[in-house]
Amino acid sequence: MTEKLHEVDRAVPCSMSNTIGVAAFFLIQNILRLRLISGIARGAAGPPRHSGFVIPGGFCSVLLHFRFPLRAFPVVRRAIYPGSFDPVTNGHLDVIARARTLFDEVIVAVAINDQKQPLFAPDERLAMLRQAITIDAVRVAPMEGLLVEFAASENAHAIVRGLRAISDFEFEFQMALMNRKLDPEIETIFLMPKEEYTYLSSRIVKEIAKLGGDVSAFVPPLVAAALAKKFAPQLGNIASVI
Ligand code: ADP
């Protein structure tokens, strides 16, 4: 009987240490698992497109990756700023600079098959933008077809648009909702330029330049020169009529 009691005495600490060990194992495992799951949730809630891979939960997730399939996490926040840029104005450049503070990379997408009848050919618009943009991590690219498809092909998860006045809102709102319908993973964000650019548009700049007005306050110098060159023959005709 005494021997039996001794056996029980020995057995109790032994089974207790086993229980503590098992409990500790499950606790650590669950902490690691939670870390991994919260990493996955963050990834799911965040921008879905990516151009690189990080391992959530660091080394721990390597240990657990047989239980939870690893998924890629976005490391580059990339946005598309689409438009006709016919030609680029200081308002566009202001929006690009603002977008760049929010995203790691901004792609300025020049619409090629725009329904508007552009004054400048696509190559001219691309070249002017490339020369006018002086900040890093901004790429200028031609864009044909659907904006959401272009954004997906570039691994971008946001579309940036500029909002100048209420008059922009209706069209922009319609376009943003349609793009969301076409690709729910791409978010549209609107940025407001400096007040002094809120009345500025490519169309108004072209009208001023066409009539021989000074547009140097509204566009980069190279664009002002290109506009002057474009309208020089017309201005010559106006002068000869007068
Ligand atoms: P525009 O409307 O002048 O012809 P785009 O088609 O190139 O210009 O416009 C591209 C985007 O840039 C649109 O979202 C437009 O609202 C925005 N944008 C154009 N001009 C300005 C400006 N002065 N300030 C802020 N956003 C602008």
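Taken together, the values in this text are just the output of simple stated rules run on the coordinates, not laboratory data. Quick caveat, the model's predicted, so the values are computed rather than measured. Methodologically, a virtual Cβ is constructed for each residue, glycine included, from the backbone with ideal geometry; neighbour enumeration extends over all protein chains shown.
Neighbour counts of other Cβ atoms within 10 Å put 89, 198, 134 in the fewest-to-most order 134, 198, 89.
One decimal place: the segment residue 141-residue 75 gains 21.6 nm when fully extended, by the rule 0.36 nm per residue minus the C-alpha distance. Which trypsin sites (Lys or Arg not before Pro) in region 73-176 pass both tests, a DSSP loop state and at most 14 other beta-carbon atoms within 10 Å? Listed in order of number, the matching sites are 116.
Residue order for 163, 129, 211, fewest other beta carbons within 10 angstrom first, comes to 211, 163, 129.
Here residue 181 is the anchor, and the aspartates and glutamates within straight C-alpha reach of less than 16 Å, apart from those fewer than 8 places off in the same chain, are 149, 172.
Per residue, the convex hull around the alpha carbon atoms of region 88-130 comes to 83 Å³. What is the distance, in nm, between label points placed 7 Å from the Cα along the Cα-to-Cβ direction at residue 131 and at residue 170? My value for the distance between the label points is 3.8 nm. The stretch between residue 121 and residue 229, if pulled fully straight at 0.36 nm per residue, gains 37.5 nm over its current Cα-Cα span. Both numbers refer to the Cα atoms of region 123-192; Rg and Dmax are 13.5, 35 Å. Would you grab the residues whose amide H sits under 5 Å from the one on residue 162? Only those 5+ places off in sequence or on another chain, please, with H modelled 1.01 Å from N. Amide H neighbours of residue 162, under 5 Å, 5+ apart: 191. Note on region 78-199: along the principal axes its Cα atoms extend 34, 32, 30 Å, ordered by decreasing extent.
Across region 185-192, rounded Karplus estimates of 3J(HN,Hα) from the backbone phi angles (6.51 cos²θ - 1.76 cosθ + 1.60, θ = phi - 60°) give 7, 9, 9, 9, 10, 10, 10, 9 Hz, Gly and Pro being marked x.
Listed by chain and number, the aspartates and glutamates whose alpha-carbon sits under 16 Å from that of residue 206, ignoring those within fewer than 8 places in the same chain, are 86, 124, 214. Taking amide hydrogens as placed 1.01 Å from N in the peptide plane, the amide H of residue 107 sits under 5 Å from those of 79, 80, 81, 139, each at least 5 positions away in sequence or on another chain.
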